[in-house]
1. Would you check which residues across region 1-29 are outside any helix (DSSP H, G or I), surrounded by 15 or more Cβ atoms within 10 Å (Cβ to Cβ) and among the aliphatic types (A, V, I, L, M) and list them?
2. Which members of region 94-107 meet the condition of being in contact with a Gly (Cβ under 9 Å, 6 or more places away or on another chain) and in a loop (DSSP other than H, G, I, E, B)?
3. In this structure, is Gln110 out of contact with any Lys or Arg (no Cβ under 8 Å at 6 or more places or on another chain), at pLDDT 90 or above, in a loop (DSSP other than H, G, I, E, B) and farther than 13 Å from Ala8 by Cα?
4. List the number of the failed condition for Ala123; all other conditions in (1) farther than 24 Å from Leu148 by Cα; (2) part of a loop (DSSP other than H, G, I, E, B); (3) modelled with pLDDT of 85 or more hold.
Amino acid sequence: MHHAPAVAYPVQRPLGLGAAMLLIWLAGGCALFAWALQSGRPQGASDAFEQGRHAGVLLMWLLCGGAALWQWRAMPQGQISWDGLVWQWISSQPPSTPREGSLEVVLDLQRQVLARWRPQAHALPGDGTRGAWLWLRAGAAPAQWHGLRCAVYSPAAVQNPPSAVGLNA
């Protein structure tokens with residue numbers, strides 16, 4: 001059985017996802033603007049009530065945009081590598097020490113892969129080894145893309161295969 005060669009692959013924030021989040025946020029803003037123009041004042045409500053309602057909606061819209069930006073900026077960046085036996089994650093943020101673990105493909109779109117990184121089970125809580133979602137794109141390192149795809153779907157090589165000594169045929 002053939003095993004995938006060693007590969008190191010960069011993990012970057014997906015610009016396309018950031019652009020999609022921005023477009024959705026802006027579309028929501030347009031819808032809220034149209035609502036503000038179309039909405040009438042409830043019977044018996046004052047101008048202050050109407051202004052307060054619009055200000056509250058604007059504040060919520062801005063908070064949602066801030067939360068989306070924070071989430072996008074918090075996406076992991078670094079390098080994932082496969083040595084034929086184990087996966088290693090090296091974050092570009094401290095601590096940047098290699099962490100061994102597993103990589104599981106969740107969504108495969110051929111030129112993009114959404115994967116779940118999970119540290120080894122013996123990792124201690126609070127030591128910076130929690131799992132992460134990684135969005136891997138072919139454009140990040142086109143020359144290594146095929147090797148990465150082979151590695152995520154191939155089994156690990158056996159370090160010390162059992163010997164055939166003492167086995168009866």
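The values are calculated or read from the model by the stated rules, or taken from the named source; none is laboratory data. Computed from a predicted model, the values in this text were never measured in an experiment. Note that each Cβ is placed from the backbone with ideal geometry, even for glycine, and that neighbours are counted across all protein chains shown.
1. Within region 1-29, Ala4, Val7, Ala8, Val11 meet the criteria.
2. Pass one, region 94-107, residues in contact with a Gly (Cβ under 9 Å, 6 or more places away or on another chain): 94-97, 99, 101.
Answer for region 94-107, where residues must be in contact with a Gly (Cβ under 9 Å, 6 or more places away or on another chain) and in a loop (DSSP other than H, G, I, E, B): Pro94, Pro95, Ser96, Thr97.
3. Numbers: out of contact with any Lys or Arg (no Cβ under 8 Å at 6 or more places or on another chain): yes; at pLDDT 90 or above: yes; in a loop (DSSP other than H, G, I, E, B): yes; farther than 13 Å from Ala8 by Cα: yes.
When the stated conditions are applied, Gln110 passes them.
4. Result: Ala123 fails condition (3) only.
Quick grid of which residues meet (1) modelled with pLDDT of 90 or more; (2) loosely packed, with under 15 Cβ neighbours inside 10 Å; (3) not charged (D, E, K, R):
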residue	(1), (2), (3)
Ser46	no, yes, yes
Met60	yes, yes, yes
Ala67	yes, yes, yes
Gln71	yes, yes, yes
Ser81	yes, no, yes
Gly84	no, yes, yes
